[in-house]
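What follows is a set of notes on a single structure, which appears directly below.
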Amino acid sequence: MARRQGVWVRVKVLSAHEKADIAERCGRFIAEKLKPRFLPEIRPTQFNYPIYLIGRWRGNKYSFITRYWSGFPENAGEEFDAPFTRLDHVEECVSETRFEVMWQRHNGQWWLLHRSVVLDEAFRLIETEGLLQPCL
């Protein structure tokens, strides 16, 4: 009978300082690249319409989010968030900070599109690939 052996794996956990630095860079990317291109102005409608693009950490995942405002008479003024892209930190990569770039499908499931990319490459992918861009 074969004996089981444990394997030690080194992982890199992001510190609060690293998370803050990444959040600041993502916030700049949203303000300088995404907002001017996808949401240059807010156009109210009688339906749900986008009012803001934001980003947020949740654990080791950073989500790019579109915030919507409801224009329907029965719930006018209510807000809700709809994430469109997520960067999952790859903990197994200890030499540098890398992410898996995820896309949210129509059914709410996250789908892996790109594996183990650095932050600048993730920004380039979000700018150039339609699936990773906000639906406005």
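The values are calculated or read from the model by the stated rules, or taken from the named source; none is laboratory data. This is a predicted model, so every value here is computed, not measured. Cβ coordinates were reconstructed from backbone atoms using ideal geometry, including for glycine residues, and neighbour counts include every protein chain displayed.
Rundown of residues vs (1) among the charged types (D, E, K, R); (2) surrounded by 11 or more Cβ atoms within 10 Å (Cβ to Cβ), yes/no style:
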| site | (1), (2) |
| --- | --- |
| His17 | no, no |
| Phe38 | no, yes |
| Lys61 | yes, yes |
| Asp81 | yes, yes |
| Ser95 | no, no |
| Trp103 | no, yes |
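List the number of the failed condition for Ser70; all other conditions in (1) within 28 Å of Asn48 (Cα to Cα); (2) of a type in the set (S, T, N, Q); (3) surrounded by 12 or more Cβ atoms within 10 Å (Cβ to Cβ); (4) under 16 Å from the mean Cα position of the chain (by Cα) hold.
Tallying (1) within 28 Å of Asn48 (Cα to Cα); (2) of a type in the set (S, T, N, Q); (3) surrounded by 12 or more Cβ atoms within 10 Å (Cβ to Cβ); (4) under 16 Å from the mean Cα position of the chain (by Cα), Ser70 fails exactly one: (4).
Taking the residues in the stretch 82-97 that are among the acidic types (Asp, Glu) and in contact with a Lys or Arg (Cβ under 7 Å, 6 or more places away or on another chain) as candidates, determine which candidate is farthest from Val118 (Cα to Cα).
Top of the filtered list is Glu91.
Could you list, in sequence order, all residues of the stretch 36-75 that are small (Gly, Ala, Ser) and closer than 19 Å to Glu24 by Cβ?
Gly55, Gly59, Ser63
Are there any strands (runs of 3 or more DSSP E) wholly within the stretch 65-136 with 2 or more residues that are at negative phi, basic (Lys, Arg) and at pLDDT below 95, and if so which?
Result: empty, no element qualifies.
Looking at the stretch 40-50, can you tell me whether even one residue there is surrounded by 15 or more Cβ atoms within 10 Å (Cβ to Cβ) and aliphatic (A, V, I, L, M)?
No; the residues of the stretch 40-50 include none that is surrounded by 15 or more Cβ atoms within 10 Å (Cβ to Cβ) and aliphatic (A, V, I, L, M).
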